[in-house]
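Written out below as structure tokens is the structure these notes cover.
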Amino acid sequence: MTKRALITGITGQDGAYLAQHLLGQGYEVHGAVRRSSHGGVADHRLVWLGVLEDVVLHDANLVDMASLARLIDQVKPDEFYNLAAQSFVATSWQQPILTTQVTALGVTHALEALRLIKPDTRFYQASSSEMYGLIQQDMQSEKTPFYPRSPYAVAKLYGHWITVNYRESFGMHASSGILFNHESPLRGREFVTRKVTDGVARIKLGMTNELRLGNIDAKRDWGHARDYVKAMWLMLQQDQADDYVVATGRTTTVRDMCRIACEHAGIDMDQHIVIDPELFRPAEVDILLGDAGKAREKLGWEAETSLEDMICEMVDADMRRLQDPIAYIPRSPAL
């Protein structure tokens, strides 16, 4: 029989790629979407990937458990992927209570609704490498202690541990993917990678002359979201639920990421990058580097796309968007 999946956050970067992947596996895909006055805008990533007409969207909200319960009872999903969150770290300092309500307590709402209505549903929680924060080990694995450094990271840590708790307390098939930074042309422009690729494209096209950034010496382990959603799916195909780090095992500074983007566009980075102290975080996470050995061994997963290829793909996509924003509606996985 056809498997049925329910995705919260389906209109985000990861949700859109995951929907595309699940459709390719023959799933019936449903998505929970919070109500917005910007109708026809929020689903643009699904349009870009050419899958909007193949998924079923429903109104629901993580902060409203009743809406989740009604949706679970209606869809009766075999798999539930919780990707929705207030996911921008900088905003979490400005809206810490909202971040807590959505990113932390929202996970409990989803798990409790499943426990009461369809406890055999397999559950995936999108945990984050930001939970490691002030790193306690040079390379972070599933056994590395957490030390969150932002309201977002603290909220994600709650979501992670409540998932473990429901797995151990109620025997639910509930897994968490501790995903390190993962990007794509679908990434929002508020995130540093897309801010860089969009800014570099604008400079190349003569639309601006500078790109303002904060701490460009911070190091991150960057992979492609298209690769990472495959790991999410693989986790829910295992006989036993568990937690997995998903990462490339390579760390790169924001500075070097900028260099890759600028070299691809043929511009001089030193002539255009401006360091703005206002863009520094109150508490910085200096370096993240993931050990995905467990995912390789147990899931057979590993990253397929290099940082260089991903950044070049993003720059090219932003160049085409800016040159012809109306006509450029990418519909292939490679965009």
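Taking 0.36 nm per residue of separation and subtracting the current Cα-Cα distance, fully stretching the chain between Met207 and Asp138 would add 20.8 nm. Highest average first, the peptides 297-305, 102-110, 214-222 ordered by how many other beta carbon atoms sit within 10 Å of their residues are 102-110, 214-222, 297-305. Between the residues Ser128, Val285, Leu57, the greatest Cα displacement towards the positive end of the dipole of the chain, with unit charges on the Cβ of Lys, Arg, Asp and Glu, is found for Leu57. With no solvent and one point on each alpha carbon, what is the Debye value of log10 I(q)/I(0) for segment 143-196 at q = 0.18, 0.29 Å⁻¹? For the requested q values the scattering log ratios are -0.78, -1.12.
Full extension of the chain between Glu190 and Ile275 gives 29.0 nm of extra length, using 0.36 nm per residue less the Cα-Cα distance. Sequentially through segment 94-107, phi angles give Karplus couplings (6.51, -1.76, 1.60; θ = phi - 60°) of 7, 10, x, 6, 4, 4, 5, 4, 7, 6, 9, 5, x, 5 Hz, Gly and Pro residues having no value and appearing as x.
One chain, two ends: Asp59 and Leu98. Fully extended at 0.36 nm per residue, the span grows by 12.1 nm beyond their Cα-Cα distance. For Lys230, the lysines whose Cα comes closer than 28 Å to its Cα, not counting residues fewer than 8 places off in the same chain, are Lys3, Lys76, Lys118, Lys143, Lys156, Lys195, Lys219, Lys294, Lys298.
Read-outs throughout are calculated quantities, based only on the coordinates presented, and are distinct from any laboratory measurement. What you see is a predicted model, and the numbers here were worked out from it, not measured in a lab. Methodologically, a virtual Cβ is constructed for each residue, glycine included, from the backbone with ideal geometry; neighbour enumeration extends over all protein chains shown.
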